[in-house]
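For reference, the structure discussed in these notes is given below.
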């Protein structure tokens, strides 16, 4: 009953936000990076912050640092959705917010300096990767459901590391968001406030799991997004492009824009790919060495990503 009530409450909050967004013209205009062509309400991903708020009110004694962190990243991201901010401000807030959850999780007491530095790089990198990958209808909501579902399974069957309700609140927020976003013509987009807030939530949970099991294998629950983002950055560096400028070189963008595959199908492909990766990670956990698991998963993902170059070349030949 708790989760049904939560769903209804989040639905009401989302509808109220639509009125606010419409009143103050909080919209997403297509640009060079966009895979959509119509003006749409932006910032629907604020539903994730609302869900975190409702959970925090009920568990205020245990989630103070997390909630302050997700509020900071949500606030600066929402501001960026309305009026562009400099990268320095955004990264500074991300750094501060990650510091809060690292302090909460005891990272500074349990890791060496090099490990802490790497943890910051990975965390901030994943936040931005999650944001970069939010570009077509359904991709953020579906991918989040897969990641959170994987974490929920591990929490129940392999290693208890958090309150299951904490994961379920994020999943219900994803379902409500998908109701409005997983359509041929989306009612709203997540915006930075959505993609970055849910990425922050996921990083907090994955960090807790990594510390509880003393294993980094769970980072592979984000392997599909990670492989696409890293390979795209390397590709753009090779092309001598500014990696902070808008672009359409992610594999999902090529599939959606160049080959006109329906957005919802491409989003589903990414979710299914991550499901297969997560199942493999869970199955191989404690059976083979972590390095072997990384190799088994990352190499095929990189090879699949290289399909993009064939598709781009084939499309250019057609145009010529």
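With the condition kept exactly as written, say whether any residue in the range 34-44 is in a helix (DSSP H, G or I) and at pLDDT 90 or above. Scanning the range 34-44 turns up no residue that is in a helix (DSSP H, G or I) and at pLDDT 90 or above.
I'd like to check something: does the range 198-215 contain any residue that is touching a strand residue (DSSP E or B) at 6+ places or on another chain (Cβ under 9 Å) and in contact (Cβ under 8 Å) with a residue 24 or more places away in the chain? No, that holds for no residue.
One residue stands out among those in the range 257-268 that are assigned to a helix (DSSP H, G or I) and over 19 Å from the mean Cα position of the chain (by Cα): the one that is nearest to residue 222 (Cα to Cα), which is 257.
So, of the residues in the range 4-33 that are in a helix (DSSP H, G or I) and at pLDDT below 90, which turns out to be surrounded by the fewest Cβ atoms within 10 Å (Cβ to Cβ)?
23
The range 46-108 holds helices (runs of 4 or more DSSP H) entirely within its bounds, and those carrying 3 or more residues that are farther than 20 Å from residue 13 by Cα map to 64-82, 87-105. Does at least one position in the range 279-289 carry a residue that is under 16 Å from the mean Cα position of the chain (by Cα), buried (at least 18 other Cβ atoms within 10 Å of the Cβ) and either within 19 Å of residue 222 (Cα to Cα) or without any contact (Cβ under 8 Å) to a residue 40 or more places away in the chain (or both)? The answer is no, given that none of the residues of the range 279-289 is under 16 Å from the mean Cα position of the chain (by Cα), buried (at least 18 other Cβ atoms within 10 Å of the Cβ) and either within 19 Å of residue 222 (Cα to Cα) or without any contact (Cβ under 8 Å) to a residue 40 or more places away in the chain (or both). Of the listed requirements (1) free of Cβ contacts under 8 Å to residues at least 40 places away in the same chain; (2) in contact with a helix residue (DSSP H, G or I) (Cβ under 6 Å, 6 or more places away or on another chain); (3) under 19 Å from residue 103 (Cα atoms), residue 76 misses just one: (3). Residue 271: touching a residue at least 60 places away in the same chain (Cβ under 8 Å), part of a helix (DSSP H, G or I) and within 19 Å of residue 124 (Cβ to Cβ), yes or no? So residue 271 does not fit the description; no. If the condition is being crowded, with 16+ Cβ neighbours inside 10 Å, without any contact (Cβ under 8 Å) to a residue 24 or more places away in the chain and within 14 Å of residue 128 (Cβ to Cβ), then the range 86-103 contributes 90, 93.
The values are calculated or read from the model by the stated rules, or taken from the named source; none is laboratory data. Keep in mind the model is a prediction, meaning the values are calculated, not measured. Quick reminder, even Gly has a Cβ in these numbers, built from the backbone with ideal geometry, and neighbours come from all protein chains shown.
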